[in-house]
Amino acid sequence: MTSSSAHSILEVTNLVIGYQQKKDAIILSDGISFKLNAGSLIGLVGANGIGKSTLLRTLTGMQASLGGAIEIDGKSILNYESLDLAKLVSVVLTEAPSSKNLSVGEFVALGRQPHTNWLGQLSEIDLEKISNALFLTDTKKLVSRKCFELSDGQLQRVAIARALAQDTPVIVLDEPTTHLDLYHRAIILKLLKKLAKEMGKTILFSTHEIDLAIQLSDRMMVMIPNAFHFDDPCTLISNGAFTSLFPEDTILFDGQTGRFTIKD
Amino acid sequence: MILKNTHRNTFLLLSFGTMAMFLLNLSLGSVNIPLKELGTILFGGQSTHSSWDYIVLNYRLPKALTAIMVGSGLGVSGLIMQTLFRNPLAGPFVLGLSSGASLGVALLILGAGSFGGFFGTLLMSQWSLVIASALGSFLVLLAVLAVALRVKDTMAILIIGLMFGSVTSAVVAVLSYFSNAEKLQQYVFWSFGSLGNQSWQGVFILFLCVVLGLLIGLFAIKSLNALLLGENYAKSMGINIKRTTFMLIVATSLLAGSITAFAGPIAFIGLAIPHIARQWISSSDHRILLPSVVLMGAIVMLLCDTVAQVPFSEYTLPINAITSLIGAPVVIWLLIRKKKLLF
């Protein structure tokens with residue numbers, strides 16, 4: 001299935017995700033295995049509450065796994081110092097920065113934190129990376145605006161610029177298209193596609209825009225109860241992976257058009 | 001690029017302002033000492049009146065230095081708390097740290113009487129005041145943090161602060177009922193707040209605590225900036241949240257605790273100074289904010305003290321009243337102007 005010729009940056013075997021509640025382990029999903037190659041865009045889909053965010057949090061080291069192995073750049077995630085991990089994986093979260101007073105320039109510049117000295121001073125290289133990140137996301141003209149003045153679409157692009165400034169081979173985004181209209185959803189996903197192709201980044205994003213993700217992703221992860229599929233979108237359609245995504249008495253998947261329709 | 005704009009002029013202006021306020025504070029009071037004579041005294045010479053030498057060196061200089069440390073320390077502890085709790089209303093007074101310190105001191109002053117004799121005198125040394133008050137504020141901050149970890153609602157944290165305030169006044173009321181008039185008066189005067197009557201030894205102890213607190217703050221600047229994005233983003237950029245939180249708590253309780261011990265509970269400085277700094281320099285970067293808050297805190301506190309000692313008169317007003325009279329309208333003005341308080 002997965003060609004092993006390309007360099008795999010993130011490899012997951014038999015991962016079990018979930019959380020500890022008191023003494024019981026609540027398992028959300030298990031038997032998750034995949035290999036992600038450099039320069040690919042991967043969409044993660046699944047119904048609400050299935051564990052998409054938990055999977056992303058586990059992959060980025062914010063939450064402990066309940067079993068299985070995660071290897072980033074050939075080394076287990078458990079053996080990384082948090083600062084070294086921050087140089088390999090950056091994130092774009094659903095939450096806006098908690099300080100509303102932050103300017104776009106300051107927000108993006110904070111992405112350089114893992115690379116700066118104890119005081120966080122920016123070198124010439126840092127400034128160049130920041131400037132480049134702003135250019136790639138088309139946010140240069142927003143640089144002196146405050147974050148609270150931005151529209152949802154602008155804020156999402158700025159958050160992606162911050163992750164780019166962090167300069168990591170892997171970028172993980174948690175639902176980057178929520179609250180956006182169709183046009184801005186397309187803009188964001190096309191931007192992610194461009195970054196994967198031109199910068200050789202491995203970009204993993206969770207989304208509810210299944211039809212858009214099918215059109216743009218190189219590979220997709222489909223989380224359904226008791227199963228985890230990972231393949232390219234066309235194979236997943238012919239396998240019927242999307243049909244079991246939602247209860248079939250309410251929503252049907254049309255393999256021809258790659259769209260969901262509501263059943264009368 | 002926009003990120004490179006320096007704030008050199010701001011710092012020059014603030015440093016100059018601090019120097020000017022410092023000299024003004026030394027010169028004005030019940031007796032006015034001309035600036036020229038003041039210079040002579042400060043540089044080790046003899047002025048025309050020997051009483052002036054005494055007033056400046058043993059009364060006004062320690063008081064002015066205390067004012068600087070109180071303003072800077074409370075401002076920085078407010079700044080750190082606003083970032084740590086992601087709440088623009090956080091500050092040593094609002095979050096109940098001052099109440100905790102008051103409780104510690106109340107237990108010491110009003111409770112020490114019951115020990116009596118030699119032990120009672122031992123308890124009343126300046127160090128024990130500092131320890132009781134720092135311990136009180138540290139415990140309150142721990143409690144607030146424990147709540148903050150369980151309840152994500154920032155309003156809950158403020159309510160906890162208010163509750164600690166009520167508990168403190170209740171305990172103080174109970175203690176006052178059982179203690180004698182002399183002890184009670186001692187406590188009431190402490191709670192008015194006072195920058196004066198500090199021995200040089202006291203100033204030195206305060207200096208050590210404040211410098212240590214500021215140093216920890218200085219080393220936490222990078223983490224504080226990361227926390228502006230929220231805990232999850234900070235974690236994703238390699239910040240150790242647990243260690244950072246612990247460091248910041250130690251710094252704030254050291255600052256607020258020691259200052260409250262020496263100068264009494266002083267309201268509004270910790271809340272208002274960081275907001276004034278943010279408004280004025282229009283940046284959230286703690287590399288710029290922290291030193292600005294240090295200087296602005298010093299300026300405002302020197303100003304408050306100059307007002308409190310009522311130039312040309314014999315009177316000295318309680319410093320706590322002055323900071324509230326100046327601080328509360330400033331916070332209201334900031335709210336009305338910006339429609340909301342940002343941090």
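The values are calculated or read from the model by the stated rules, or taken from the named source; none is laboratory data. Computed from a predicted model, the values in this text were never measured in an experiment. For neighbour counting, all protein chains shown are included, and Cβ atoms are generated from backbone atoms with ideal geometry for every residue, glycine included. Just so you know, the surface numbers come from the protein's heavy atoms only, side chains and all, with ligands and any DNA or RNA stripped out. Shrake-Rupley method; radii C 1.70, N 1.55, O 1.52, S 1.80 Å.
All but one of (1) without any contact (Cβ under 8 Å) to a residue 12 or more places away in the chain; (2) part of a helix (DSSP H, G or I) hold for residue B:229; which doesn't?
That leaves (2) as the condition not met.
Tell me, which helices (runs of 4 or more DSSP H) wholly within segment B:24-101 include 3 or more residues that are in contact with a helix residue (DSSP H, G or I) (Cβ under 9 Å, 6 or more places away or on another chain) and not polar (S, T, N, Q)?
Values: elements: B:35-42, B:50-54, B:61-84.
Answer list for segment B:24-101: B:35-42, B:61-84.
Yes/no matrix, rows are residues, columns are (1) under 30 Å from residue B:8 (Cα atoms); (2) open to solvent by less than 60 Å² (accessible area, probe 1.4 Å); (3) at pLDDT 90 or above; (4) assigned to a loop (DSSP other than H, G, I, E, B):
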residue: B:184; (1), (2), (3), (4): no, yes, no, no
residue: B:187; (1), (2), (3), (4): no, yes, no, no
residue: B:198; (1), (2), (3), (4): no, yes, no, yes
residue: B:210; (1), (2), (3), (4): yes, yes, yes, no
residue: B:223; (1), (2), (3), (4): yes, yes, yes, no
residue: B:245; (1), (2), (3), (4): no, yes, no, no
residue: B:259; (1), (2), (3), (4): yes, yes, yes, no
residue: B:277; (1), (2), (3), (4): yes, yes, yes, no
residue: B:289; (1), (2), (3), (4): yes, yes, yes, no
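Out of all the residues in segment A:54-71, which are more than 16 Å from residue B:237 (Cα to Cα), buried (at least 18 other Cβ atoms within 10 Å of the Cβ) and within 14 Å of chain B (Cβ to nearest Cβ)?
Within segment A:54-71, A:54 is the sole residue that qualifies.
Going by the conditions given, is residue A:83 under 24 Å from residue A:198 (Cα atoms), within 11 Å of chain B (Cβ to nearest Cβ) and open to solvent by 10 Å² or more (accessible area, probe 1.4 Å)?
No; evaluated as a whole, the condition is false for this residue.
Among (1) within 8 Å of chain B (Cβ to nearest Cβ); (2) outside any loop (DSSP other than H, G, I, E, B), there is one condition residue A:98 misses while meeting the rest; what is its number?
Only one criterion in (1) within 8 Å of chain B (Cβ to nearest Cβ); (2) outside any loop (DSSP other than H, G, I, E, B) is unmet by residue A:98, namely (2).
Specify which of the listed residues (B:260, B:245) is hydroxyl-bearing (Ser, Thr, Tyr), closer than 30 Å to residue A:57 by Cα and more than 14 Å from chain A (Cβ to nearest Cβ).
Going through B:260, B:245 in turn, the sole match is B:245.
Within segment B:225-242, take every residue that is more than 7 Å from chain A (Cβ to nearest Cβ) and open to solvent by 30 Å² or more (accessible area, probe 1.4 Å) and give me the one that is nearest to residue B:146 (Cα to Cα).
Applying the filter and picking the extreme gives B:242.
Within segment A:63-107, take every residue that is among the small types (Gly, Ala, Ser) and closer than 23 Å to residue A:135 by Cα and give me the one that is modelled with the lowest pLDDT.
A:96
If we scan segment B:293-303, do we find a residue that is at negative phi and surrounded by fewer than 20 Cβ atoms within 10 Å (Cβ to Cβ)?
Just the residues of segment B:293-303 that are at negative phi, to begin with: B:293-303.
Within this subset, residues satisfying the condition of being surrounded by fewer than 20 Cβ atoms within 10 Å (Cβ to Cβ) are B:303.
Checked segment B:293-303: at least one residue is at negative phi and surrounded by fewer than 20 Cβ atoms within 10 Å (Cβ to Cβ).
Return yes when residue A:230 is part of a strand (DSSP E or B), open to solvent by less than 50 Å² (accessible area, probe 1.4 Å) and out of contact with any Phe, Trp or Tyr (no Cβ under 8 Å at 6 or more places or on another chain) and no when it is not. First the steps, then the outcome.
Working: part of a strand (DSSP E or B): yes; open to solvent by less than 50 Å² (accessible area, probe 1.4 Å): yes; out of contact with any Phe, Trp or Tyr (no Cβ under 8 Å at 6 or more places or on another chain): no.
No.
Run down B:142, B:135 and say which single residue is over 23 Å from residue B:202 (Cβ atoms), in a helix (DSSP H, G or I), under 23 Å from the mean Cα position of the chain (by Cα) and at pLDDT 75 or above. Reasoning before the result, please.
On the way: B:135 fails: over 23 Å from residue B:202 (Cβ atoms).
It is B:142.
Taking segment A:139-177 on its own, how many of its residues are open to solvent by 50 Å² or more (accessible area, probe 1.4 Å) and assigned to a loop (DSSP other than H, G, I, E, B)?
Here the count works out to 4.
Conditions first: (1) over 30 Å from residue A:108 (Cα atoms); (2) surrounded by fewer than 18 Cβ atoms within 10 Å (Cβ to Cβ); (3) hydrophobic (A, V, I, L, M, F, W, C). Residue B:11 passes all but one, so which condition is the exception?
All conditions pass for residue B:11, except number (1).
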